[in-house]
Amino acid sequence: MFTRIVRVFFAVAIIAMVMQSVSMAAQPTFTEVVVTNMHCDACAKKIAGKLYLLKGVKEVRAELKSNTAYVVAQQNKNISPKAIWEAVEKAGFKVVKLNGPAGLFKTKPEI
């Protein structure tokens, strides 16, 4: 009986360690940027062009229906929310909301 309890205990411990390592696996880091008036592909490309100039940007995707750009960071890189916000402004668009690893912003971040 005692041996069975020990085996169950070790099995549970191993499962817990595996689950923890899976949850700690590198996940893509992205920031969602909701903008005004992103009407067409040209608008999306203009925004993406400015975002790709930022250090650490791996990929930019746009969803026209929701006026949203998604900025994917390179592995182990952090992109300043302020830099993302300002890049969108330089493209000639207004940011409504920015949500990413550094938090949710509805006004230009200080960081």
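A compact table of results
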{"read-out": "Breaking point among (1) loosely packed, with under 13 Cβ neighbours inside 10 Å; (2) in a loop (DSSP other than H, G, I, E, B); (3) at pLDDT 95 or above, for K65", "value": "(2)"}
{"read-out": "Search result, residues across the range 88-111 that are touching a residue at least 40 places away in the same chain (Cβ under 8 Å) and over 11 Å from the mean Cα position of the chain (by Cα)", "value": "V88, K90, A91, G92, F93, K94, V95, V96, K97"}
{"read-out": "K77, sole failed condition from (1) surrounded by fewer than 14 Cβ atoms within 10 Å (Cβ to Cβ); (2) touching a residue at least 60 places away in the same chain (Cβ under 8 Å)", "value": "(2)"}
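The values are calculated or read from the model by the stated rules, or taken from the named source; none is laboratory data. These numbers were taken from a predicted model, which means no experiment stands behind them. Backbone-built Cβ (ideal geometry, glycine too); neighbour counts: all protein chains shown.
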